[in-house]
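Report on the structure given below.
What follows draws every value from the coordinates through simple rules; no lab data is involved. Because the structure is a prediction, the values reported are computed rather than measured. Cβ sites come from the backbone with ideal geometry, for glycine too, and all protein chains shown count toward neighbours.
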Amino acid sequence: MADEGFEVIWLRGDRASLALEIAPAAAPVWRYFGPDLGVGVRPPAPASDLGAPAGFSLDGEGASDLFPALGGPGFGDSALRAHRGGQDFAQAFTLKDLAWPVTDRAVRLVLDDDVTAVRALIDLAIDPASDVFTVRTTIENLGRGALQVDALAAAALVLPARVNAVRFHTGRHAREFIPETAPLGRGDWRLESRRGLTSHDAFPGAVVTAAETGFDAGLAFGAQIAWSGNHAQVIQPLDDGRRRWLLGAWLAPGEVSLAPGERLVSPEVWATASDAGLNGVARNFHRAARGRLVWPGGRMAPRPVHLNTWEGVYFDHRIEDLKSLADEAARLGVERFVLDDGWFEGRRDDTSALGDWRADPERYPEGLAPLSAHVRALGMSFGLWVEPEMVSRRSQLFAAHPDWILRTPGREPVEGRHQLVLDLARPEVREHLFAAIEAVVASASVSYLKWDHNRALAYAGGADGRAGYLAQVAGAYALMDRLRARFPDLEIEVCAGGGGRIDPGWLSRAHRFWTSDCLDAVSRLEIHRGFLQYLPPELMGAHVGAARAHTTGRTQSIGFRAAVALGGHFGIELDPRSLDPADRARLAGWIAFYKRLRPHLHSGETRLGETRDGKVWQAHGERDDFLLLLYQASPSAQRAPADIVLPFVDTGRLYRLERLRPPGDPRPRPTGAAFFDRLEQAPQEVHGAWLAGQGLPSPPLRAETCAVFRLSAS
Ligand code: GLA
């Protein structure tokens, strides 16, 4: 192809790529983002030769800049809103420098606006193992006066014009990950959290699709913000129908003011493109997440079966009773015993004692060490619940340091669950919390922390009276990092009233997300499917709760509750001593089943699908050897079950189909369909092309049941 005299740089992954047009002293232009186009491909002409804006347009209007600025001939949301006391509000950034920290994989663009003396550093990288691009933007104040930054997008992605919808997740406490789809028209789509944390209300990411996109095929773009505080996303049309997707932390007024020479570093945004639909996006995100995790010992140990004490005993902590609970847990096959809320000094209910992180002297006269020793002697590890950012008004900590909370002058602090929020930007607060948690972890051989955060932030001013949201998240990250450095074998689960803190910002420091306080297995199915769009199953805390779910009041069988928990990191959160012997035996069977299957469940790809008769499924593993978890939540609307089309299998191979059941599962009654009755006796063979084209025949399933299959190519 003739050289048209313009320069295009590419970041190319295995299956996705991104192209920018650059020229010295010009604004870099976003040219391509999508499935990889192959080596040596170039756009036919420079961007400036292509646009012919309609009448009444300004010169230069309609550009798809990498870093859209405010005030010039670009009228969408800008990546930056900044000024100096009202001056210097209009910016225009041009390329000053470009460097490749990793050839073809990671580029840093230095963009300057000499007029307002602002610099933007844009770091773009591709991880070829996952096809996830990371984008981060840093703003530097090159001027003499302070620069107020009102908004900064970490990334301003440009998507092709044929995308037409955005799939996203909203929710509330105990009802996380409600899926919703919005058409992308001429207006904006916007989703934000100003609660000071990731929130149940708005997952900080989404998937953008085209008309043809399904679970396994079609164009799809995914992005998520690796940040555990306030966040903002907007998708809006460009003049030519393409879409710009801005993502970043949400900034409160006055929150960021940069002194001369100071920088603001945005969180990282993860972005990916796939022509393999929603599952293609999930595959890429899961791979990227696995690449980020920092496991004790360098690699993930099989995810241990948990017993979490919360819904089993709540605040009723009696050491002999807890020991007997641990005995029963160990008999069932539990591997980690997590002592939830209620263990620390003065904590009898949720009205007091947060902040006083010492074992309650009445309930634990010799500290937590005897219980921990008992648990560990049974072969389980010992985990502990903490809520470091919080303080109860009724606590020794608050009495000693009432000034340590986030607040704004003249306003009464707002309580939530009777608690206030400590200002983690203050070094003395972090120091105090580090020392307190260090002491309890060391004293009781704690190898796991469940790190909770049970309220949103309000009137969240720091010591200087200015909004303290960003600094709060940075403080929490720093505290967690310091504890991990002090205890390299410590694993951490993040939680915020269930799933209020699920985002990739935790990935280099935590190892599990508590997905929801809702243990109702029917509700959980939807919650899990939302989670799995963004993060892999081994990080998804999934517990078997009481038969009658505490949050919904609905009752489900032990088999269905366990089958739903099987799709994540399995645990139990009930008092197994209260189960009747039959259910207890079945639970032990499911625990053994999970242990047998977890190498498969937690590796390879996790693909989701659904059928017309209301079944949903999850396939875990490699395409030539995977587990299929098939769920029927509500009664089927069809007389006969729909086949399950598995488009990802190898169409040239024969698959061995095996129905798996946990040990002790009741023998099934004949279904009336001879194939499935034979399948109970011995594996059957199905051709891959049949699975992909016509589908796996499905057994008739009653409501609230699950069938587990293994399919392996011979
Ligand atoms: C939150 C968590 C629960 C439990 C309680 C304890 O609600 O999500 O799992 O830890 O706090 O108070």
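Key figures
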quantity: Two-decimal ratio, the range 393-544, of alpha-carbon radius of gyration to 2.2 N^0.38 Å; calculated: 1.12
quantity: Magnitude of the charge dipole, the range 62-152, Cβ model with Lys/Arg +1 and Asp/Glu -1, debye to 20; calculated: 220
quantity: Over the range 1-90, volume per residue of the alpha carbon convex hull, in Å³; calculated: 132
quantity: The range 659-699 residues near the modelled HIS600 label - backbone nitrogen below 15 Å, point 7 Å along Cα→Cβ; calculated: 659-663, 680, 682-686
quantity: Packing rank of 356-367, 500-511, where each peptide gets the mean count of other beta carbons within 10 Å, highest leading; calculated: 500-511, 356-367
quantity: Inter-probe distance in nm under a simple model that places probes 7 Å from Cα toward Cβ, at ARG612 and ARG411; calculated: 5.4
quantity: At 0.692 mPa s and 37 °C, Stokes diffusion of the range 573-714 via Kirkwood alpha-carbon radius, µm² per second; calculated: 205
quantity: Kirkwood-based Rg to Rh ratio, the chain, C-alpha trace; calculated: 0.99
quantity: Fully extended contour minus Cα-Cα distance, from ALA689 to ASP240, at 0.36 nm per residue; calculated: 157.5 nm
quantity: Protection proxy ranking of 564-574, 153-163, 299-309 - average other beta-carbon atoms within 10 Å, highest first; calculated: 564-574, 153-163, 299-309
quantity: Kyte-Doolittle at least 0.0, axis length at least 27 Å by Cα - qualifying DSSP helices, the chain; calculated: none
quantity: Extension gain from ILE319 to GLU658, taking 0.36 nm per residue of separation minus the Cα-Cα distance; calculated: 117.6 nm
quantity: Residue-span extension gain [ARG394 to GLU622] - 0.36 nm each, minus C-alpha spacing; calculated: 76.8 nm
quantity: For peptides 677-683, 209-215, sequence by mean Cβ density within 10 Å, most packed first; calculated: 209-215, 677-683
quantity: Inter-label distance for ASP677 and VAL265, nm, one decimal - labels placed 7 Å from Cα along Cα-to-Cβ; calculated: 6.7
quantity: Spacing of the two label points (7 Å from each Cα toward its C-beta) at ASP49 and ASP464, in nm; calculated: 5.0
quantity: Unit charges on C-beta of K, R, D, E only; dipole of the range 532-670, Debye; calculated: 480
quantity: Set of lysines with alpha-carbon distance to LYS96 below 17 Å, sequence-local pairs under 8 removed; calculated: none
quantity: Straight-distance crosslink candidates among lysines, where the alpha carbon sits under 21 Å from LYS323 and sequence neighbours closer than 8 are dropped; calculated: LYS450
quantity: Set of aspartates and glutamates with alpha-carbon distance to LYS615 below 18 Å, sequence-local pairs under 8 removed; calculated: ASP216, ASP520, GLU526, ASP643, GLU704
quantity: Dipole magnitude of the range 112-196 about its Cα centre (Cβ charges: Lys, Arg +1; Asp, Glu -1), debye to nearest 20; calculated: 500
quantity: Share, in percent, of DSSP beta bridges within the range 304-430 that are antiparallel, nearest 5; calculated: 45
